[in-house]
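What follows is a set of notes on a single structure, which appears directly below.
The values are calculated or read from the model by the stated rules, or taken from the named source; none is laboratory data. What you are looking at is a predicted structure, and each value in this text was computed from that prediction instead of being measured. Every residue, glycine among them, receives a Cβ derived from its backbone with ideal geometry; neighbour counts consider all protein chains shown.
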Amino acid sequence: RATDEGGLGVSSYAPISIKVVDINNNAPIPTNSPWILNESEINPSTTVIFTDYDDPAQNNTIPFRVEILSPSGFTLSGPTLNYDGRYQLTYNGILNRTITKNLTVTFNASDNKGYSAITTIPIIVGDILNTYPISDGFKTINILYVNGYMNSLRNVPLGSVYVNDLDDWFRTSRTYSIRDVSNGQLFSASQGFLSTPEALYPGSYTIHVDVTKPIASSTALSTIDLSVTGVDSEFVREAATIRIQGEYPETLIDLSLGNRLNILRNALASFLLVTTDSIIILAIRPVYQYRSLYYPPLPFNQAKKQALTDVIFYVPSLKRNDIENTLNMNLPLFLSRYDIIANASGPNPCTNYICPTNTICRSTRAIQPLPYAIDANQTSFVGINIVDSADCVNSTYSTNFTNTQFGCITYTFNNSTYCPCTSLQTYAPLGPYCQVLGRTFNENGGGYAVYDGRTFSNRAPTRFS
């Protein structure tokens, strides 16, 4: 827009076209993961497609030059005459999944003008159904839910049925039949996952499942010890969060990997000066991390090193803000004393979150339906589906209340505000900033919430979904 007379006169508009000229700063990288080589096959192969995200009109892409740097047992053929980036990766020999389940291959790939990069890709050794016999297995399943949410566990997979079987990819190839349950609860084991159509109440259950592998004419018994615990919704409001790096939820609970969750529980008890039994794990959830298509794939070990997992827990004798503040001051000691990387204490979803003009970001904690199982071979954990989200609200939202809370504290390490909310707890379960915990309802939820309409808007705000 151009205006004459010093900006006071007549205006006109002129479109301007801007051309962005590509520079050759990207090398070809493999882009069609996952890559699988099946066991028991002679010289198994898989297609690897290399892509260069530079501008082909500038001759910055094809033809590629790709070579294998390591290991020596692989060969690479291609590409086709049209240079579409497709190569065939072949393992020279026979793979056995009982010996190794994962491999890595490192390439050096360069484009038409010689711009190159070294990339390592993960290879999965695929399982082939064999006649290996199966044998008896034992598993524990631990379940927590908020009181009033017992119906949310109906028809939800609670964990897989475990027996010893070298064919670990073919759970659905086996047949399952519930033999007995210690207290008469109705369970099913469809597709190899335990579930119940009835409400689950606190207590202990022992379930025996007969498992048959038809291709091997083999049968085995799976024994499952299932424990169900109900907790008050106040536990969720006062629950603290510790963010762990280098672990997936499954590796934390996997007994074959040393029960890392129990080590974490011991670490928390040590820093908080409480007993291990007083730490109640409410939820274990993976943390989503965006990864651009322009980035090369990560080998399994590197991906695991970068993985983040949130563990949400409650300690009856301590306040959430005191817990997270104490842990924040001891984050480096998790690694030196317990070989656990604690990435953050009380991570705030509003950090680096951009809200529209005239709004501010406020973290909201909600209890969602449909909990999900963190499943490993010998154990499973079904926690509360707790969601901490960043909500953009009116920037005057927190200052126009006629009845505001006193004693709120904002901590600099995560910029989160904690309020005591003591005078408001009679209205409903409360969340951060004293708002009512968000709730989600569906046709099978069986839950409800009652709010006082006269004081709801200015004393205990909430959101619904």
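Considering (1) part of a loop (DSSP other than H, G, I, E, B); (2) modelled with pLDDT of 70 or more, the lone condition that F401 does not fulfil carries the number (2). Give the number of residues within segment 13-34 that are in contact (Cβ under 8 Å) with a residue 60 or more places away in the chain and not aliphatic (A, V, I, L, M). Selection size over segment 13-34: 8.
Residue-by-condition table, conditions (1) among the charged types (D, E, K, R); (2) farther than 30 Å from A239 by Cα:
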site	(1), (2)
I141	no, no
Y149	no, no
P157	no, no
D165	yes, yes
F170	no, yes
D180	yes, yes
T196	no, no
P202	no, no
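The rows are residues; the columns are (1) assigned to a loop (DSSP other than H, G, I, E, B); (2) among the acidic types (D, E); (3) over 18 Å from A239 (Cα atoms); (4) more than 24 Å from the chain's Cα centre (by Cα).
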position: A303; (1), (2), (3), (4): no, no, yes, no
position: V311; (1), (2), (3), (4): no, no, no, no
position: L318; (1), (2), (3), (4): yes, no, no, yes
position: N328; (1), (2), (3), (4): no, no, no, no
position: L335; (1), (2), (3), (4): no, no, yes, no
position: A344; (1), (2), (3), (4): no, no, no, no
position: P347; (1), (2), (3), (4): yes, no, no, no
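Total residues in segment 196-241 satisfying the condition of being outside any loop (DSSP other than H, G, I, E, B), of a type outside the set (S, T, Y) and free of Cβ contacts under 8 Å to residues at least 40 places away in the same chain: the figure is 4.
If we scan segment 105-124, do we find a residue that is over 19 Å from P28 (Cα atoms) and within 33 Å of the chain's Cα centre (by Cα)? Spell out the reasoning first.
Residues of segment 105-124 that are over 19 Å from P28 (Cα atoms), as a first pass: 124.
Still in the list and also within 33 Å of the chain's Cα centre (by Cα): 124.
Yes, segment 105-124 contains a residue that is over 19 Å from P28 (Cα atoms) and within 33 Å of the chain's Cα centre (by Cα).
The residues listed here are G73, G78; of these, the one that is under 20 Å from V125 (Cα atoms), without any contact (Cβ under 8 Å) to a residue 24 or more places away in the chain and outside the structural domain of P299 (by TED's automatic domain parsing) is G73. Collect the residues in segment 338-360 that are surrounded by 18 or more Cβ atoms within 10 Å (Cβ to Cβ) and not polar (S, T, N, Q), keeping them in residue-number order. Within segment 338-360, I340, A342, A344, G346, P347, C350 meet the criteria.
Return yes or no: is I281 in a strand (DSSP E or B) and among the hydrophobic types (A, V, I, L, M, F, W, C)? I'd like the intermediate steps shown before the answer.
Working: in a strand (DSSP E or B): yes; among the hydrophobic types (A, V, I, L, M, F, W, C): yes.
So I281 fits the description; yes.
For segment 4-60, enumerate the residues that are aliphatic (A, V, I, L, M), over 34 Å from the mean Cα position of the chain (by Cα) and either within 28 Å of L298 (Cβ to Cβ) or surrounded by 11 or more Cβ atoms within 10 Å (Cβ to Cβ) (or both). Break it down into steps so the answer makes sense when it comes.
Start the filter on segment 4-60 by keeping residues that are aliphatic (A, V, I, L, M), which leaves 8, 10, 14, 16, 18, 20-21, 23, 27, 29, 36-37, 42, 48-49, 57.
Those left that are additionally over 34 Å from the mean Cα position of the chain (by Cα): 8, 10, 14, 16, 18, 20-21, 23, 42, 57.
Residue satisfying the conditions is I23 alone.
Looking only at residues in segment 227-272 that are in contact with a strand residue (DSSP E or B) (Cβ under 9 Å, 6 or more places away or on another chain) and aromatic (F, W, Y), which one is modelled with the lowest pLDDT? The selected residue is F235.
Quick one: would you say I224 is closer than 16 Å to N164 by Cβ, of a type outside the set (S, T, Y) and touching a strand residue (DSSP E or B) at 6+ places or on another chain (Cβ under 7 Å)? Yes, satisfied.
The residue list T357, T426, T364 contains one member that is assigned to a strand (DSSP E or B), over 30 Å from D254 (Cβ atoms) and at pLDDT 60 or above, which is T364.
Quick check, is S160 surrounded by fewer than 17 Cβ atoms within 10 Å (Cβ to Cβ), touching a strand residue (DSSP E or B) at 6+ places or on another chain (Cβ under 9 Å), at pLDDT 95 or above and not acidic (D, E)?
Values: surrounded by fewer than 17 Cβ atoms within 10 Å (Cβ to Cβ): no; touching a strand residue (DSSP E or B) at 6+ places or on another chain (Cβ under 9 Å): yes; at pLDDT 95 or above: yes; not acidic (D, E): yes.
In short, no.
Would you call F74 of a type in the set (A, V, I, L, M, F, W, C) and touching a Pro at 6+ places or on another chain (Cβ under 8 Å)?
Numbers: of a type in the set (A, V, I, L, M, F, W, C): yes; touching a Pro at 6+ places or on another chain (Cβ under 8 Å): no.
No.
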